[in-house]
1. Going residue by residue through region 221-234, is there one that turns out to be modelled with pLDDT of 95 or more and touching a strand residue (DSSP E or B) at 6+ places or on another chain (Cβ under 8 Å)?
2. Filter region 377-430 for residues that are open to solvent by 30 Å² or more (accessible area, probe 1.4 Å) and of a type in the set (Gly, Ala, Ser); which is nearest to Ile83 (Cα to Cα)?
3. Restricting attention to region 198-215, which residues are surrounded by fewer than 20 Cβ atoms within 10 Å (Cβ to Cβ) and either of a type in the set (Ser, Thr, Tyr) or out of contact with any helix residue (DSSP H, G or I) (no Cβ under 7 Å at 6 or more places or on another chain) (or both)?
4. Cβ-Cβ under 8 Å, sequence separation 6+ or interchain: first residue in region 247-275 and among the hydrophobic types (A, V, I, L, M, F, W, C) and open to solvent by 10 Å² or more (accessible area, probe 1.4 Å), partner within 16 Å of the ligand (Cβ to nearest atom) and in a helix (DSSP H, G or I). Which pairs?
5. Got at least one residue in region 185-207 being more than 25 Å from the chain's Cα centre (by Cα), at pLDDT below 95 and in a loop (DSSP other than H, G, I, E, B)?
6. What is the number of the single condition among (1) within 16 Å of the ligand (Cβ to nearest atom); (2) more than 13 Å from Thr448 (Cα to Cα); (3) open to solvent by less than 20 Å² (accessible area, probe 1.4 Å) that Val60 does not meet?
7. Specify the residue that is nearest to the ligand (Cβ to nearest atom); the eligible residues are those in region 402-443 that are aromatic (Phe, Trp, Tyr) and either closer than 30 Å to Phe251 by Cβ or assigned to a helix (DSSP H, G or I) (or both).
8. So if I check each of Asp337, Asp323, which one is on the phi < 0 side of the Ramachandran plot and either among the small types (Gly, Ala, Ser) or in contact with a helix residue (DSSP H, G or I) (Cβ under 6 Å, 6 or more places away or on another chain) (or both)?
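The values are calculated or read from the model by the stated rules, or taken from the named source; none is laboratory data. Owing to the predicted nature of the structure, the values given are computational and were not obtained by experimental measurement. Note that each Cβ is placed from the backbone with ideal geometry, even for glycine, and that neighbours are counted across all protein chains shown. To get the accessible areas, we keep the full protein, side chains included, count just its heavy atoms, and leave off ligands, DNA and RNA. Shrake-Rupley method; radii C 1.70, N 1.55, O 1.52, S 1.80 Å.
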Amino acid sequence: MRSKLIAVLSFLFVFSLMAENPKYVFLFIGDGMSSPQRSMTEAFLKKTKGEKLLINNFPVNAATKTSSANALVTDSAASGTAIACGEKTNNGRIGMSADNTRKIYSSAYEAKQAGKKIGIITSVTINHATPASFYGHRASRNEYYEIGLDLIDSGYDYFAGGAVASPNNEKSPAYKGDIYELAAKAGYKVVKTREDFHALSRENDANNKVIACGIEGPGYMPNYLDNHDGLLLTDFVKKGIELLDNPKGFFMMCEGGAIDVNCHANDAATVIFETLAFNDAVKVAYEFAQQHPQETLIVITGDHETGALTLGFANTGFRENIDKLALQKCSFGKVKDKLKDLGKNKPELEFDDIKPILTDCYSLKFDGPADDIMTVTAAEIEQLKAAFEKQYKAEKKNGNAVQVTAQKIFNAKVGIAWHSGGHSALPVITSAWGNGSERFNMGEFENTFISHTLKELVK
Ligand SMILES: [Zn+2]
């Protein structure tokens, strides 16, 4: 009898907790991440490690439409604003109505009004379109300096990730000084080194507002494929949880911004490693959520698809070699730099000189056996030679011709095709776990629905 009573009471206790809004809300946004990017990363992880991708194994999933107020294909400013503020706006706008007459406010802003602490994290610059949509109000996403001023004005508690872009733009009509210095004057603790970042602690910094941006360099965070030693999204989420936890809870937005950057370059291997880094950041939140299951909501979405990525390539038929993407050793940016440096140092460059770079970075074999897929065919050599002429010998030089061609050849060998260097209108997937996740169990919705729902749940 007694044990029955205890069971009923504990059920009522759990039920009453579930009826409450979540104390901790995590929103993860993969920039440029739709179902092809998620499926490709999952197939890679399964083939190389036999593991599942956590973000693809949440209990609630819904297709999410991404068009902006003035275009079927959105940019990250309009989609960020839709996800953050719940209103469709024109491409390019940040936290402003489509006609640019009204400021519109985000779920992070609402969470702050409700007394929660706020964290904003990204792998690109912290005043880039997606993070900016949670605190900024500007006609154009390119007003980086002014968005930096909005960042300080937000009074949010924790910013971490890539640097502040254009932090000292003296040409801005709103110029008041360096953004980092202004932030420090406004009471932010500005953290500039890995050491100081690791030293941040709940004990000493729970009452500090923190900007930990630009530690890994003056722009975006380096790609994981090129730099395994630096700080990662996981570090920023872990530290965020440590610093932000308080009796009223927190709202944390974490963007995998480098997924989009590398989709634009049709660089599948780097996209996979950035999506894995994003997945690892979700894992940190998920582990935290296991300790606070009734109090936590995790939502994962993308802002749009980038690259019109297709898993499959006509010439390889039903064969795919996704695990072979592990043979790419540098991101497209690094390959480009290496090829550019080669041109600088050797004015009388010959085609054979570029081969070692293509072998090191893409594992392409120039003298391999014919049955090895990484062996470059005669037709592919012709393509590379033509690109070499364009990049180094033509009167009007195309600075990236070799990298772009080698990337295409590599992609075709592994069975991946891209149809665009820009965004596409493919819907994305929104996944949810935890308290409030059932609200997202809708089959399909517009991206603005995410904001409407979170605004209710962060109260
Ligand atoms: Zn993009």
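1. Scanning region 221-234 turns up at least one residue that is modelled with pLDDT of 95 or more and touching a strand residue (DSSP E or B) at 6+ places or on another chain (Cβ under 8 Å).
2. Result: Ala425.
3. Once the filter is applied, which keeps residues that are surrounded by fewer than 20 Cβ atoms within 10 Å (Cβ to Cβ) and either of a type in the set (Ser, Thr, Tyr) or out of contact with any helix residue (DSSP H, G or I) (no Cβ under 7 Å at 6 or more places or on another chain) (or both), region 198-215 yields His198, Ala199, Ser201, Glu203, Asn204, Asn207, Asn208.
4. Taking only residues 6 or more apart or on different chains, the pairs are Ala265/Phe332; Ala265/Gly333.
5. Looking for residues that are more than 25 Å from the chain's Cα centre (by Cα), at pLDDT below 95 and in a loop (DSSP other than H, G, I, E, B), one finds at least one in region 185-207, hence yes.
6. Unmet for Val60, out of (1) within 16 Å of the ligand (Cβ to nearest atom); (2) more than 13 Å from Thr448 (Cα to Cα); (3) open to solvent by less than 20 Å² (accessible area, probe 1.4 Å): (1).
7. First, the residues of region 402-443 that are aromatic (Phe, Trp, Tyr): 410, 418, 433, 440.
Still in the list and also either closer than 30 Å to Phe251 by Cβ or assigned to a helix (DSSP H, G or I) (or both): 410, 433, 440.
Details: Phe410: 22, Trp433: 27, Phe440: 24 Å.
Filtering first and then ranking leaves Phe410.
8. Numbers: Asp337 fails: either among the small types (Gly, Ala, Ser) or in contact with a helix residue (DSSP H, G or I) (Cβ under 6 Å, 6 or more places away or on another chain) (or both).
One residue alone meets the criteria, Asp323.
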